[in-house]
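**Student:** Okay, here's the structure, questions in a sec.
Just so it is clear, none of the values below were taken in a lab; they were calculated from the coordinates. Predicted, not measured: the structure shown is a model, and the values here were computed from it. Heads up, the Cβs are rebuilt from the backbone with ideal geometry, glycines too, and the neighbour counts pull from every protein chain shown.
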Amino acid sequence: MDFKQIQELIKIVNKSNISELSIEQDTFKITIKQKDLEGQQIVTVPVAAPIQAVAPVAAPVAAPVAAPAAEKPKPAAEAPASNLVTIKSPMIGTFYRSAGPDKPAFASVGDEVAPGKVVCIIEAMKLFNEIESEISGKIVKVLVEDASPVEYDQPLFLVEP
């Protein structure tokens, strides 16, 4: 099972009333649990198969409560620019603009993106998922601070097609 399939499973669980989903194949086992804590959903993904990961980073526990409140005014600001397309988070996790502190950002304001180009990384449960652009265009605005928690479907970038 690859990361895209795991992301799709997480999306399905988030959109449904399912509280837990378990899948087991040969040496691979995944369990996705969902709980509602003040509007937040928790997804656990214990994996028995070996996985290559970038240096793990611990996410603060209290930060997810504050970050979405700070992000809510920004979608209202993007409403007048109807020609802009939003790249949204496909999962809950921690947003990183680069592969490491000393590495260049995947995408910055003014950069051209194309379908398949990595624009950021979202870390969820110690798994680092590369988020790829699905559109072509130029990055107009980065809506999330580096190393900030993000919610499912939260706007990350504004792109001018």
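**Student:** Quick one: Cα centre-to-centre distance for the stretch 102-126 and the stretch 136-155, in angstrom?
**Tutor:** With the stretch 102-126 and the stretch 136-155 each reduced to a Cα centre, they are spaced 10 Å.
**Student:** Multiply the residue gap between GLN25 and ALA105 by 0.36 nm, knock off their C-alpha separation, and tell me the result in nm, one decimal place.
**Tutor:** 25.2 nm
**Student:** Right, another one. Tell me the net charge near ILE121. Cut-off is 12 Å between Cβ atoms, ILE121 excluded, with +1 for each Lys or Arg and -1 for each Asp or Glu.
**Tutor:** Residues near ILE121 contribute -2 overall.
**Student:** Another question, then. Sorted from fewest to most neighbouring beta carbons within 10 Å, what does the list PHE28, PHE157, PHE3 look like?
**Tutor:** Fewest-to-most Cβ neighbours within 10 Å comes out as PHE28, PHE3, PHE157.
**Student:** Looking at this model, which pairs from LYS88/LYS126; LYS33/LYS103; LYS11/LYS126; LYS117/LYS141 are more than 22 angstrom apart at the alpha-carbon?
**Tutor:** LYS33/LYS103
**Student:** Please rank VAL118, VAL159, fewest neighbouring Cβ atoms within 10 Å first, as an exposure proxy.
**Tutor:** Fewest-to-most Cβ neighbours within 10 Å comes out as VAL118, VAL159.
**Student:** Would you mind ranking TYR96, TYR152 by Cβ crowding within 10 Å, fewest neighbours first?
**Tutor:** Exposure proxy ranking, most exposed first: TYR152, TYR96.
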